[in-house]
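**Q** Quick one: the structure is below, and I'll ask about it shortly.
The values are calculated or read from the model by the stated rules, or taken from the named source; none is laboratory data. Everything quoted here is computed from the prediction, not taken from an experiment. All Cβ positions, glycine included, derive from the backbone under ideal geometry; neighbour counts span all protein chains shown. Just the protein is used for accessible areas: all its heavy atoms, side chains included, with ligands, DNA and RNA removed. Shrake-Rupley method; radii C 1.70, N 1.55, O 1.52, S 1.80 Å.
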Amino acid sequence: MAAAAGEEEEEEEAAREAAARPAAGPALWRLPEELLLLICSYLDIRALGRLAQVCRWLRRFTSCDLLWRRIARASLNSGFTRLGTDLMTSVPVKERVKVSQNWRLGRCREGILLKWRCSQMPWMQLEDDSLYISQANFILAYQFRPDGASLNRRPLGVFAGHDEDVCHFVLANSHIVSAGGDGKIGVHKIHSTFTVKYSAHEQEVNCVDCKGGIIVSGSRDRTAKVWPLASGRLGQCLHTIQTEDRVWSIAISPLLSSFVTGTACCGHFSPLRIWDLNSGQLMTHLGSDFPPGAGVLDVMYESPFTLLSCGYDTYVRYWDLRTSVRKCVMEWEEPHDSTLYCLQTDGNHLLATGSSYYGVVRLWDRRQRACLHAFPLTSTPLSSPVYCLRLTTKHLYAALSYNLHVLDFQNP
């Protein structure tokens, strides 16, 4: 007991020593903390790191979130949006900047989370500490272990109901909304056994999105449709839009006033068109120089006025509706002329893309045109597209034909 009490006293003394400002040293340290914060705010990451090695008090002082916010906002995937919103307030900013350096330098450890015996075209979503992934005609939910680089092998839940493969699904309002190759849309409550499916299109439903109680779907049958999510109105079509082209991707605007469709580009019109969500009328189309066959396989809104698209023509394009709908404001070309199946962004500077060959995942710094790093996740003869990408500030997850891969940037 006496030994334990002695250890506690030593720990308290060490804590007081770390928190106390040194009595001796340069006059600079005797300035008010507000002035020291202002002075240190001009230091870069290397200078702050060196300053932290001077003494315990400075190590504590230089760990202040205020000193690291500016650096974090300029870093890759540090949890800050382009407008400066902090998405991860519970994690110290300094720790996120450390991990961000691994993203910048391409330092990571590759692993495989799941394997399946036959070739799949999986789609996935992340929510809190859970991963949802489609396999054949059902969706499995897994819980991450604390490291985020491994899964509990026993699924948390299995969501079934489609007669053919699940092509796409989203998470919304504690629901899973799924699109199937059987032409049906499925609605599953995550925390109950409630499941409803209804016929939506004459051919497979390639894509679906859901926001604000509204579902939009796109199909190979050359239509896009709008549906309510309300339980008493499921299956009641609000609008049917004749797109005159196969719909590969779809996304609802954050303002809930419109949605964008990405089509196969087999007609004489742009494959990117924006439609009014309330009336179903065409509002505008994006771009004017798409070559035939330049279908859009993935599209996502970053803000009410900005969106990203990618597809068969090997380009990622960044659109700003406030400047021009005729020409994108930035584009990045896949250097090996591969189709781009999917994309993800941290909402700031990082862009990740999945290519059609050898499971190549590329990281891009959106402030430059050249690719930052490439990670081939398969090799011959098991070449596979990257069908879906998801990322956190510590990990990147890539779904391929036979495996679910993880790139761990926290513990490279």
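**Q** What helices does the chain have that are whole DSSP H segments, at least 30 Å long along their own axis by Cα, and with mean Kyte-Doolittle hydropathy of 0.5 or more?
**A** none
**Q** Now a separate question. Could you order ILE45, ILE133 so the one with the most accessible surface comes first? Probe is 1.4 Å.
**A** ILE45, ILE133
**Q** Mind jotting down a quarter of the surface of the convex hull over the alpha carbons of the range 51-187, in square nanometres, one decimal?
**A** Mean projected area of the Cα convex hull: 11.4 nm².
**Q** Another one. Using only the alpha-carbon atoms of the range 182-338 as identical scatterers, what base-10 log of I(q)/I(0) does the Debye formula give at q = 0.17 Å⁻¹?
**A** The calculated log intensity ratios at q = 0.17 Å⁻¹ are -0.96.
**Q** Once the range 144-227 is represented by equal point scatterers at the alpha-carbon sites, with solvent omitted, what log10 I(q)/I(0) does the Debye formula produce at q = 0.18, 0.22 Å⁻¹?
**A** Ignoring solvent entirely, the Cα scatterers give -0.75, -0.98.
**Q** Positive end of the charge dipole of the range 276-385 (Lys, Arg +1 and Asp, Glu -1 on Cβ, about the Cα centre): tell me which of SER309, MET330, LEU343 has its Cα farthest that way.
**A** Value computed over the given set: MET330.
**Q** Moving to a separate point now. Running a GNM on the chain with Cα contacts under 10 Å, which residue among PRO32, PRO146, PRO304 ends up with the highest mean-square fluctuation?
**A** Looking only at PRO32, PRO146, PRO304, the largest GNM fluctuation is found for PRO32.
**Q** Take the solvent-accessible surface of the protein heavy atoms, probe 1.4 Å, and return the percent of it on the range 262-393 that carbon and sulfur atoms account for.
**A** Carbon and sulfur atoms account for 53 percent of the accessible area of the range 262-393.
**Q** Quick check on the chain: helices-only [θ] at 222 nm, where DSSP H runs of length 4 and up contribute -39,500 (n - 2.57) each and the sum goes over total residues. Nearest 500, please.
**A** -4500 deg cm²/dmol
**Q** Let me ask you something else. Between beta-carbons, use under 11 Å as the cut-off and find the net charge around VAL93, counting Lys and Arg +1, Asp and Glu -1.
**A** +3
**Q** Something else now. Counting just the Cα atoms, what span does the chain cover along each of its three principal axes? Round to the nearest Å and put the largest first.
**A** Projected onto the principal axes, the Cα atoms of the chain cover 79, 53, 48 Å.
**Q** Where nothing but the Cβ of Lys and Arg (+1) and of Asp and Glu (-1) is charged, how large is the charge dipole of the chain around its Cα centre, in debye to the nearest 20?
**A** Charge dipole, the chain, about its Cα centre: 540 debye, nearest 20.
**Q** Please report the orientation-averaged projected area of the range 310-351, defined via the convex hull of its C-alpha atoms, in nm².
**A** With every direction weighted equally, the projected area is 3.4 nm².
**Q** What does the convex hull of the alpha-carbon atoms of the range 250-295 project to on average, in nm²?
**A** With every direction weighted equally, the projected area is 3.1 nm².
**Q** Something else: Roll a 1.4 Å probe over the protein chains and send me the accessible area per residue for the chain in Å².
**A** Details: 19590 Å² over 412 residues.
Accessible area per residue: 48 Å².
**Q** Report the residue, chosen from LEU238, LEU351, LEU58, that carries the largest GNM mean-square fluctuation when the chain is represented by alpha-carbon nodes joined by springs under 10 Å.
**A** LEU58
**Q** Let me ask you something else. What shape does the range 282-374 take by its C-alpha gyration tensor, where a ≥ b ≥ c are the square roots of the eigenvalues and a/c under 1.5 counts as rounded, a/b above b/c as prolate, and the rest as oblate?
**A** oblate
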